[in-house]
1. Check whether at least one residue in segment 41-59 is within 16 Å of ligand 2 (Cβ to nearest atom), touching a residue at least 60 places away in the same chain (Cβ under 8 Å) and β-branched (Val, Ile, Thr), and report yes or no.
2. Taking the condition within 27 Å of the chain's Cα centre (by Cα), under 30 Å from VAL57 (Cα atoms) and modelled with pLDDT under 90, does ARG201 pass?
3. Given (1) within 16 Å of ligand 2 (Cβ to nearest atom); (2) free of Cβ contacts under 8 Å to residues at least 40 places away in the same chain, where does ARG11 come up short, assuming only one miss?
4. State yes or no: is GLN77 surrounded by fewer than 21 Cβ atoms within 10 Å (Cβ to Cβ), modelled with pLDDT of 95 or more and over 30 Å from GLY161 (Cα atoms)?
5. For segment 33-147, give me every one of the helices (runs of 4 or more DSSP H) that falls completely inside it and has 2 or more residues that are away from ligand 1 (no atom under 16 Å from the Cβ).
6. Among LYS212, LYS191, LYS221, which is in a helix (DSSP H, G or I) and either at pLDDT 95 or above or surrounded by 16 or more Cβ atoms within 10 Å (Cβ to Cβ) (or both)?
7. Kindly provide the set of residues from segment 135-156 that are aliphatic (A, V, I, L, M) and out of contact with any helix residue (DSSP H, G or I) (no Cβ under 6 Å at 6 or more places or on another chain), ordered by number.
8. Please work out if ARG11 is at pLDDT below 95 and either in the same structural domain as LEU195 (by TED's automatic domain parsing) or hydrophobic (A, V, I, L, M, F, W, C) (or both).
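The values are calculated or read from the model by the stated rules, or taken from the named source; none is laboratory data. Bear in mind that the values here come from a model prediction, so they are computed numbers and not experimental data. With ideal geometry, Cβ positions are generated from the backbone for all residues, glycine too; neighbour counts draw on all protein chains shown. Heavy atoms of the whole protein, side chains included, go into the accessibility calculation; ligands, DNA and RNA do not. Shrake-Rupley method; radii C 1.70, N 1.55, O 1.52, S 1.80 Å.
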Amino acid sequence: MIRIAIQAKGRLNEESVMLLREAGVTIEASKRKLLARSEDFPLEALYLRDDDIPHAVAMGVADVGIVGLNEVEEKAQAVEVAHRLGFGKCRLSLAIPGNEQYASLAWFEGRKVATSYPRILGRFFAEKGVRADIHKIAGSVEIAPSVGMADAIFDIVSSGGTLISNGLREVETVLWSEAALIVTPGLPAEKQALLAQLLFRIESVERSRGMKYVLMNIPKKRVDQVIKLLPGMKSPTILPLAQEGWCSVHVVIRENELWTKIEQLKTLGAEDILVLALEKMIK
Ligand code: PRT
Ligand code: ZN
């Protein structure tokens, strides 16, 4: 049995649960329970606040966890990042009032900066030789300058809309973040085997994202040209058709190349093209 800590509610909860479900690990959705057992994999989910996940994993209260790299960096607990998951993408940035002139980091010298990430900011300022006053606050960081609590902020930015609506301007990006799977160092062999199984499934789900399964009929005499055009997992699958002189080609195509490839295939004589969703790509 392996225990995974995931965010109880908030931005990462839904995608964490969905990723596990796509990996064949279904967890009963009950908000009242702190701990829930998966129906189809030897795993239990521990629902926590994201701030508590790095510590829980470092202590071995949970074996693995899904949490933003921003929290991993800030909490500086002894955990290993096993895999970046590609969702919950954001950045930690410094922002100043929009009407301020800004030329360089020297602007921050002697200024007061409000943040929920004092460790990351402290390290950054120390590296850059900036002496600023870091003021830790727990929430609503973006309103600190307008109410006179600070000169600037250091906070999570995604679209940038929150900064703009608070009259702030992003001037420096310090950390790029996304959700990641973190692990207790030195997991026992039995749990490591389950983790490897879970990672294998997650990678199969990720590989299939943005990919389409395409089937088409092609005149046999064009097959060589089609193979050159279509690198499949190994190479395209070619099946003979009952109709003389034709064959069926099956291939996996990246979604962003789909229309270009289809146009090229049509000029080679492809007909009856079917494009299907791809659920998993298992290697
Ligand atoms: O209750 P709990 O402590 O678990 O949750 P929380 O409120 O601390 O965190 P939550 O659910 O807001 O975010 C969880 C994680 O999602 C963060 O630690 C980041 O790793 C990631 N993430 C991704 C974000 C954002 N995008 C994001 N945009 N976390 C917060 N924001 C905030 C941002 O601070 C801003 O105030 O959302 C606001 C909107 O952002 P803009 O730039 O799109 O306007
Ligand atoms: Zn939190």
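1. Yes, segment 41-59 contains a residue that is within 16 Å of ligand 2 (Cβ to nearest atom), touching a residue at least 60 places away in the same chain (Cβ under 8 Å) and β-branched (Val, Ile, Thr).
2. Judged against the criteria, ARG201 is not a match.
3. (2)
4. yes
5. Of the helices (runs of 4 or more DSSP H) lying wholly inside segment 33-147, those with at least 2 residues that are away from ligand 1 (no atom under 16 Å from the Cβ) span 53-59, 118-128.
6. LYS191
7. Scanning segment 135-156 gives ILE137, ALA138, VAL141, ILE143, ALA144, VAL147, MET149, ALA150, ALA152, ILE156.
8. No; evaluated as a whole, the condition is false for this residue.
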